[in-house]
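Comments concern the structure below.
Read the figures in this text as sums done on the coordinates, not as results from a lab. Given the structure is predicted, the values throughout are model-derived calculations rather than measurements. Cβ atoms come from the backbone with ideal geometry, glycine included; neighbour counts cover every protein chain shown.
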Amino acid sequence: MEVIPTINQAAWSIIAFLLLFFLLSRFVFPSIVKILEERERKIDESLRRAEETRAEAERLMAEYKKQLEEAKREAQAIVEQGRKLGESAKEEMIKKAQEEAQKIIEKAQAEIIREKEKAFKELQQKTGDLALIIASRLLAKNLTLEDNRKLIEETLRKVKNLNEN
């Protein structure tokens, strides 16, 4: 067995190779090139869509962050407004309570003054009545100095008892 080919074998091998190469280039290679080009086009399209999706995702993320910041600002404003409303309500309640307390104090002071005046008028009336009683007793009796003193002391005790009641 011979390993080195003869010229005849080499020529037929070259002819077969060229014929195979021609048939492949005419029928198979165009299909392979077409498939590869289609695949390259699909990959390019996928990359383009992926880039668009990434850009859209970044845009949406930026918009989301903006909305989140706006929501935080609004929430802070609402909290601040609630705090201010609470403080103003508290101040209003304190003011009303102070006004009511002042009214109660004024009413009590007015009542005290009325009661004091009433008591003073009663005291004046009773004192006048006692003075009349003393004067009538003194005029009705011709008393000695000692009798006058006893009568005055007795009347004063009665006045004291009236004031205590």
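Counting only the Cα atoms, region 5-51 fills a convex hull of 61 Å³ per residue.
What you get for the chain, charging only the Cβ of Lys and Arg (+1) and of Asp and Glu (-1), is a dipole of about 1060 debye around the Cα centre. Positive end of the charge dipole of region 37-164 (Lys, Arg +1 and Asp, Glu -1 on Cβ, about the Cα centre): tell me which of 156, 62, 50 has its Cα farthest that way. Positive-most Cα among the choices belongs to 156. According to the Cα-based calculation, Rg over Rh for the chain is 2.07, with Rh computed by the Kirkwood formula. Computed 3J(HN,Hα) for region 47-62, one whole-Hz value per residue from the Karplus formula 6.51 cos²θ - 1.76 cosθ + 1.60 where θ = phi - 60°, is 5, 5, 5, 4, 5, 4, 5, 4, 5, 5, 4, 5, 4, 5, 5, 4, glycine and proline marked x. In order along region 22-33, phi translates into HN-Hα couplings of 5, 5, 5, 5, 7, 10, 8, 4, x, 5, 5, 4 Hz, rounded to whole numbers, per the Karplus curve 6.51 cos²θ - 1.76 cosθ + 1.60 with θ = phi - 60° and x for Gly and Pro. Using only alpha-carbon positions in region 44-106, the gyration tensor eigenvalues give semi-axes of 60, 5, 4 Å once each is multiplied by 5 and square-rooted (largest first).
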